[in-house]
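Have a look at the structure below, then the notes.
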Amino acid sequence: MNHGDARVAPAAAGGFAPEAVSLDRVSVAYGGVAALKEVSLDVRPGEMLALLGPSGCGKTSLLRTIAGFVPHTGDVHIGGRRATGIPSHRRNIGMVFQDYALFPHMTIAQNVGFGLRMRKVPRREIDTRVEEAIALVGLRGVEHRLPRQLSGGQQQRVAVARAIVIHPSVLLLDEPLSALDKKLREEMEVELRLLQKRVGITTIFVTHDQEEALAISDRIAVMHEGRVLQLGCPEEIYDAPAHPFVAGFVGKANRLSGTVTDVTGDEVTCELAAGVRVRLATPRAVTRGDRLQFTVRPEKIVLAATGGELDNSVEGKVRTRIYLGMFTELRVQIPSGDELTVVVQNTRPAVIERQVAPGDAVVLAWSPHACRLLE
Amino acid sequence: MSNACRRVMFVVLAMVLTLALGLAPRPAAAQTEIVLMTWGGAFHDAFQAVKADIEKAADVKLTFVTQTGAAGGLSRLEAQKANPQVDLWTSIVSTADAGLKSGVVEPLPVAQIPNLKSVPDYLVTPAGTAIWSSLRGIFYRADKVPFEIKTWEDLWDARLKGLVSTSFILDKGNFLIMASLISGGSERDIDKGFERVKALKPNLALFYKTDSESIKFLQAGEAGVAGWGILPNVYKLLGPGSQYRFVVPAKPQFMAPIPISLVKGRPNRAAALRVIDAILAPAVQEKLVENLGSVPANRTAKAPAKIRDFVPPLDNVYKVDWGYVNTHFAEWESRWNREIQTR
Amino acid sequence: MSRRAAALLVLPAIAVLAVFVAAMALTGLTSFAADAGRWSVKHYVRLVSDSHYLGYLWRSFRIAAYCTPITLLLGYPVALVMATASSGVRLGLTLLLVVQFFTSYVIRAYALMLVLGNNGVVNRALLALGVVDQPLTLMYNEFGVAVSLVLLPMPFMVFPIYSVLKNVEPNLEAAATSLGADRLRVFWHVTFPLTLPGVVAGVVLVFLFDLTAYIMPGLLGGGYFDMVANVIYDQAMEVRDQSFAAAISMVLLVATLAVLYLTTRWGARYAEPPRE
């Protein structure tokens, strides 16, 4: 269970390696209120796992449970070793807090070296490793400053350096980027991802920002009301949400419902209100008369004039139009009464592009494979 | 100026005005007000009991202000010298003398106080006239002391080992003067006193600076005897069934005349003199001393029945030369601290 | 707010300050006053050349210097318990300390007499248990005064530390724990250094309280352990040597200011290192 193992066991080969972190029916309650309900979760060595969910979903409690900060039932294993009952300070974890929690009275070098001093590492070795860690996060030259003399982004790097310098079994990040402004956050996302891959450390991070989760994680666990609803790689979570909550929380989704009128092979025809017919590909068997609920992502719908020949095409009237630079977001009402959000790539400059205005009649088109059936 | 500013100014102005009105002298009452500075506790209670009588006789409104000690009172008078807030002041003889010397007290116009004709001459000085005399003696707990204390010399009894408390500061070294007297000296031959008190050291447990401290030490059982006791404050602890005893040894006897002094520079001088006269009236005197266990200044007034039991005939009262004491006190104090109040 | 309004609002503060400064200045002048309206340093010469009076100053500084750390050692855990315990325990402790605040020192010193005296609780217990056959002298000496100087100023130590302690970011302690520090080391390396501003405030307040103690030496010293405030009082009120009293006061004041200056400078440096 050391850092070296994690380095030689990349995420893709994780099938046979012992799980870096494993939770078995873990429950946590604060004063009788359940924060985690029988959560079981296996984290593969070397992977970057995002715990994604709205506030109060239990993601931070899960992180703090792994860190050993909260009493719980069920079992926690870290690096194949049972961690339940082992106090935090002996779990060999690296943790980065939302507010960074840098020790304000210590210099950057003292902050980064703290974990090594607690481990009674020889002074000389501490100096070398601290220097390396500070270089790794690109902060050479600030060793003798105090945390409050650094910018938010710099403090964030120090927090990361402090956590990884001890070669932890697992790195836990609690909303690590949420205190940064948007531009810096996007830069740090890339940096964090690169750093994590280079060091090869198993990392679990908590976020409420789906874009961040999609951008930098190997897998995402979407949480809601103390449970993990879906665990999968970003593409799975986005394109194949297994739960209405996941579909709604990750990305935007148009939700539609109707009755099955025809089944041919793996395609079914579904009739919405006012006789609007939609064809969709379904992986499971359905029969005529079933009520179905399904979603279509806004970017999967095209305006028929600009798109190719797609199987579904529905007329509609533009209600609102929001120009967002890279793309334009339209809200279109179709005869069934549903209002669909449609995202149109602005592939051509606005002066040339045909301007769609509210009130215009348009035809929407999308592939049956773009429809996702909800459970 | 902005509205907010004006509002702030208004509030501040209102506060200043309220304060000013509160501090301003109240409109003159129909009756002249006379302010008497005296001690709190038993003394305040005693004066309170005769307040109405005095007000009626002198046709004034009498107000009391409290001093923590005679020395504290003098400090206050000196601080208020430019604009005194007190008409009359009770203290002890040495402090009243100091007040006369520093000019806060006016020489007493003896001729303008009719009742002074009944007060013995030795109780009247330019610094003020005694309004009563409080007795000095030995205050002790019968349950701690294995014999009945009768004389000053008894304090040196070996049976009182570690039981005696005393004071140098209280009454300006009077205990030391007493020790000198029973060794054949006096305040002018104080070495004899120091020798005598040194011999008392095996018996001495601790020292107090105020008589209320002495009472606390006795109540807590930390001392069995207060070698220099002041009657008025312990008076209420005495009585049938009490374990506390007060002894006035036959020789030498000490009485502290409590002078009342006329503060210089106040507008209602005549009224203040009427108050002194009213306090010296026999009926008021008897009521006052009844509550204090003191000896009245007016010789036509009677001492309270309760003290007649343990007060012998007062024919050996020693008159300390406080003028002499004042000039040597600093030297004595320093010597006492080095030679006596150390282990 | 306009300048004028602001000036009006600070006026009372300035007035109060002016009174203080005037009192100090007056004391300073008095200390140089000799007979017949002349000026002289003779009171200072007397003080410096007389080991007896110098001894009181030294004694006061000495006892304050060792009682203050003991108060800190006892008070810090109380603050720690207050900051971490349940609200019930916290309320209880706060009430206990606040009640102390509102009880006169005479009463508290007297209460201590009933504990430490020859007939006090401690001695009675020891006698009853047969540990001693003579009451121990726990009072009327340096020990009794020291006990009172350790215990009575406790609120001055506890409250500043508590107020800083409860504002220490809990994540800092969690971070230290995650980095491998056990409770003791979390306290020593993180919590304690971060509460130094409170500790410095408490130490300064208690040190000054001890240094200028008046009632405690009077009651618990039994006349055998007067401190400098008692001497100043005696000189000013009983001996009526205002100038000598003022001279002792001035020396005490200057020494106090020096201690205050050094402590706060040291504390500031330790608690908040300078920016680069």
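Tabulated data for the structure shown
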read-out: Residue (of B:Phe147, A:Ala20, C:Gly221) at the positive-pole extreme of the protein assembly as shown, dipole from beta-carbon charges; value: B:Phe147
read-out: Rg/Rg_ref, segment B:64-133, where Rg_ref = 2.2 N^0.38 Å and atoms are Cα; value: 1.11
read-out: Summed residue charge, Cβ within 14 Å of A:Ile134's Cβ, Lys/Arg positive, Asp/Glu negative; value: +1
read-out: Estimated Rh, segment A:161-245: Kirkwood, alpha-carbon pairs, angstrom; value: 13.9 Å
read-out: Estimated translational D of the protein assembly as shown in µm²/s (Stokes, Kirkwood radius over Cα pairs; 10 °C; 1.306 mPa s); value: 43 µm²/s
read-out: Set B:Lys144/B:Lys251; B:Lys198/B:Lys306; B:Lys150/B:Lys172; B:Lys61/B:Lys319; A:Lys37/A:Lys120; B:Lys61/B:Lys209 screened for pairs whose C-alpha atoms are more than 32 Å apart; value: B:Lys198/B:Lys306; B:Lys61/B:Lys319; A:Lys37/A:Lys120; B:Lys61/B:Lys209
read-out: Burial ranking of peptide ranges B:268-280, C:152-164 (average Cβ count within 10 Å, highest at the top); value: C:152-164, B:268-280
read-out: Average Cα contact separation per residue, chain A, under 8 Å, 6 or more apart, as relative contact order %; value: 15 percent
read-out: Sequence of A:His72, A:His208 when ordered by accessible area, the most exposed leading, probe 1.4 angstrom; value: A:His208, A:His72
read-out: Fraction of accessible area attributable to carbon and sulfur, chain B (%, probe 1.4 Å); value: 57 percent
read-out: Cβ-derived FRET efficiency at R0 51 Å, B:Ala52 paired with C:His52, nearest 0.05; value: 0.45
read-out: Volume per residue that the Cα convex hull of chain B spans, once the total is divided by residue count, Å³; value: 185 Å³
read-out: Nearest-20 debye value, segment A:148-304 charge dipole, Cβ charges on Lys, Arg, Asp, Glu; value: 160 debye
read-out: Whole-Å distance, taken between Cα centres, linking segment B:209-236 and segment A:198-235; value: 81 Å
read-out: Computed E for A:Arg284/A:Val363 - FRET, C-beta separation, R0 22 angstrom, nearest 0.05; value: 0.15
read-out: Using alpha carbons only: equivalent-ellipsoid semi-axes of chain A, gyration tensor based, whole Å; value: 46, 25, 17
read-out: Expected 222 nm ellipticity per residue - DSSP helices of 4 or more, -39500 (n - 2.57), all of chain C, to 500; value: -23500 deg cm²/dmol
read-out: Additional length obtainable on full extension of the chain from B:Gln85 to B:Gln219, 0.36 nm per residue less Cα span; value: 44.5 nm
read-out: Given charges at Cβ of Lys, Arg, Asp, Glu: chain A dipole, positive-most of A:Pro234, A:Leu280, A:His77; value: A:His77
read-out: Mean projection area, nm², convex hull over Cα of segment B:103-240; value: 10.9 nm²
read-out: Heavy-atom accessible surface that A and C bury in contact, both chains counted, 1.4 Å, Å² to 100; value: 2200 Å²
read-out: Long-range amide H partners of A:Leu150 with built H, under 5 Å; value: none
read-out: Segment B:48-134: relative contact order in percent, alpha carbon pairs under 8 Å with at least 6 residues between; value: 20 percent
read-out: Averaged over C:165-178, number of beta-carbon atoms from partner chains that fall within 10 Å; value: 6
read-out: Most to least packed among C:126-135, A:222-231 [average Cβ atoms within 10 Å]; value: A:222-231, C:126-135
read-out: Segment C:240-254-segment C:83-121 distance, computed between alpha-carbon centres (Å); value: 33 Å
read-out: Nearest-ten-degree value, helix B:269-280 long axis tilted from longest Cα axis of chain B; value: 40 degrees
read-out: 1.4 Å probe accessible area per residue over segment C:50-271, in Å²; value: 44 Å²
read-out: Net charge of neighbours whose Cβ lies under 12 Å from the Cβ of B:Ser133, counting Lys and Arg as +1 and Asp and Glu as -1; value: +3
read-out: Backbone HN-Hα couplings from phi across segment B:162-172 [Karplus 6.51/-1.76/1.60, Hz, Gly and Pro as x]; value: x, 10, 9, 10, 7, 9, 9, 4, 4, 6, 6
read-out: Alpha-carbon centroid distance for the pair segment A:261-304 / segment C:171-204, whole angstrom; value: 62 Å
read-out: Helix-derived mean residue ellipticity, 222 nm - over chain B, DSSP H n ≥ 4, -39500 (n - 2.57), to 500; value: -12000 deg cm²/dmol
read-out: For segment C:117-249, fraction of C-alpha pairs farther apart than 26 Å, in %; value: 51 percent
read-out: Student exercise, the protein assembly as shown dipole from Lys, Arg, Asp, Glu Cβ charges, in Debye to nearest 20; value: 1540 debye
read-out: Normalised contact order of segment C:16-114, rounded percent, pairs of Cα under 8 Å and 6 or more residues apart; value: 9 percent
read-out: Calculated [θ] (222 nm, deg cm²/dmol) that DSSP helices of n ≥ 4 give over chain A, each run adding -39,500 (n - 2.57); value: -7000 deg cm²/dmol
read-out: Average partner coverage of C:110-116, which counts Cβ from other chains inside 10 Å; value: 2
read-out: Environment charge of C:Arg124, counting only residues whose C-beta is closer than 14 Å and scoring Lys/Arg +1, Asp/Glu -1; value: -2
read-out: Protection proxy ranking of C:227-238, C:16-27, C:69-80 - average other beta-carbon atoms within 10 Å, highest first; value: C:227-238, C:69-80, C:16-27
read-out: Segment A:86-162 - Rg over Rh from alpha carbon coordinates, Kirkwood radius; value: 0.95
read-out: Inter-label distance, nm, simple model (7 Å from Cα along the C-beta direction), B:Ser212/A:Glu236; value: 8.3 nm
read-out: Total accessible area lost when B and C pair, probe 1.4 Å, Å² to nearest 100; value: 3000 Å²
read-out: Inter-chain shielding of C:132-145 (mean C-beta neighbours from other protein chains, 10 Å cut-off); value: 1
read-out: Alpha-carbon radius of gyration plus Dmax, which is the widest Cα pair, for segment A:282-348 in Å; value: 14.2, 44
read-out: Calculated Rg and Dmax of segment C:50-271 using C-alpha coordinates, Å; value: 20.2, 66
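The values are calculated or read from the model by the stated rules, or taken from the named source; none is laboratory data. Predicted model, so just to flag it, every value in this text is computed and none were measured. Note that each Cβ is placed from the backbone with ideal geometry, even for glycine, and that neighbours are counted across all protein chains shown. When the accessible area is computed, the model is the full protein with side chains, heavy atoms only, and any ligands, DNA or RNA have been set aside. Shrake-Rupley method; radii C 1.70, N 1.55, O 1.52, S 1.80 Å.
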